[in-house]
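Below is one structure; the comments refer to it alone.
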Amino acid sequence: MTARTLREFLADPNETGDAAPRDLAILIEAISDSCRTISYLVSRGALAGVLGSAGTGNVQGEEQKQLDILANDELMAMAKASGVVAAAASEEEEEARTISPGAPYLLLFDPLDGSSNVEVNVSIGTIFSILPAAAGEGAAPFLQPGRNQSAAGYCVYGPQTTLVLTLGNGVAAFTMDPPTGQFVQTAAKIQIPERTKEFAINMSNMRHWADPVRAYVDECLAGETGPRAKNFNMRWIASMVADVHRVLTRGGVFMYPWDKREPNKPGKLRLMYEANPMSLLVEQAVGKSFDGQHQILDIQPAGLHQRVSVMLGSREEVELLEKKHAG
């Protein structure tokens, strides 16, 4: 694979199926610029005095970190400066913001996924979803099924800063070159292995899971003498970006299922900011995603901050979970 920049990738019809529309390319490059800025803030951490709580809560009722607010402000400013975003919605804000009426795209984002791990220096990231602009006011234009996404991706801030992107024609990865600040392509047509020996879930919640999830994990834990006839490893970083990046890189299944502690809530993760963009990436990498009842990308959203159960990753594992949920 010839090393090239994100801009060169977006202009190449052989990679994108068609050269990315000019306005979409502008927006994706603008997002990458913001990710570069956020990466710098994360890397400076305590040196810049940006660690710790901001002393505020977000719309989800969660404590905000200083970096949550800085990342959110950076992405909102970018959306306005790009000139191609009609409105933007953030996991950190209750309502969508009108940006440039008449512009072609809507932007949704989780500015800093996994920010509770900042102080312990674990990989965190930014997740984004781009939808075509639609008629309506407030949240209404955003309430489109995940299959309508024009593009989706994330940037993971770890040992390397890596941007993972789909425009609906496969998945590519770009690593930031620190001396130049350029995102250079380092992977093309990423495909998740169909079979795996890894699963990611918070095992401390086992007693709260629904029976199908409990049965699936029990079979994995039984190892080579159990019904799966192989030994599994469990991985759990508690940063969705980092866990999904591992799944895309070497296979596996990531699960954040419904549990009976809050039976009236369908799940913990947010459909619009986390589940939809990650599901598009996983499906474009020949994996699958499922919420316990539906394909996640087929769900008709009812609100900006709708929650959902998430199971995604290697096709064989998700299909097994689907069978167990079907009874």
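Brief remarks on what is shown
- Taken together, the residues in the range 160-183 that are touching a residue at least 24 places away in the same chain (Cβ under 8 Å), under 22 Å from VAL42 (Cα atoms) and surrounded by fewer than 16 Cβ atoms within 10 Å (Cβ to Cβ) amount to 1.
- Condition met for VAL286 (among the β-branched types (Val, Ile, Thr), at pLDDT 95 or above and surrounded by fewer than 18 Cβ atoms within 10 Å (Cβ to Cβ)): yes
- Here PHE174 meets the list (1) under 21 Å from GLU317 (Cα atoms); (2) in a strand (DSSP E or B); (3) out of contact with any Cys (no Cβ under 6 Å at 6 or more places or on another chain) almost entirely, failing just condition (1).
- Residue check for GLU262: surrounded by fewer than 20 Cβ atoms within 10 Å (Cβ to Cβ) and either of a type in the set (S, T, N, Q) or touching a residue at least 12 places away in the same chain (Cβ under 8 Å) (or both): no
- Count of residues meeting criterion [on the phi < 0 side of the Ramachandran plot and surrounded by fewer than 21 Cβ atoms within 10 Å (Cβ to Cβ)] in the range 100-113: 4
- Some residue of the range 18-37 being over 19 Å from MET272 (Cβ atoms), surrounded by 13 or more Cβ atoms within 10 Å (Cβ to Cβ), touching a Ser or Thr at 6+ places or on another chain (Cβ under 7 Å) and at pLDDT below 90: no
- Looking only at the range 181-226, and only at residues there that are among the hydroxyl-bearing types (Ser, Thr, Tyr) and modelled with pLDDT of 95 or more, the one that is nearest to CYS35 (Cα to Cα): THR186
- Residue list for the range 221-248, restricted to those being loosely packed, with under 15 Cβ neighbours inside 10 Å and polar (S, T, N, Q): THR225, ASN231, ASN233
- The single residue among SER309, SER239, SER289, SER279 that is without any contact (Cβ under 8 Å) to a residue 40 or more places away in the chain and either out of contact with any Ser or Thr (no Cβ under 7 Å at 6 or more places or on another chain) or small (Gly, Ala, Ser) (or both) turns out to be SER289.
Conditions tested, residue by residue: (1) under 16 Å from HIS245 (Cα atoms); (2) of a type in the set (A, V, I, L, M, F, W, C).
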position	(1), (2)
VAL120	no, yes
LEU131	no, yes
GLY136	no, no
ALA140	no, yes
GLN144	no, no
GLY153	yes, no
THR162	yes, no
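- Filter result (under 17 Å from VAL282 (Cβ atoms) and assigned to a loop (DSSP other than H, G, I, E, B)) within the range 126-149: PRO145, GLN149
- Residue within the range 84-96 that is at pLDDT below 95, surrounded by 13 or more Cβ atoms within 10 Å (Cβ to Cβ) and either outside the structural domain of PRO141 (by TED's automatic domain parsing) or closer than 28 Å to VAL184 by Cβ (or both) present: no
- Yes/no for ASN276 being more than 27 Å from ARG7 (Cα to Cα) and among the polar types (S, T, N, Q): no
The values are calculated or read from the model by the stated rules, or taken from the named source; none is laboratory data. The shown structure was predicted, so the numbers you read here are calculated from the model rather than taken from an experiment. Here Cβ is always computed from backbone atoms with ideal geometry, including for glycine, and neighbour counts include all displayed protein chains.
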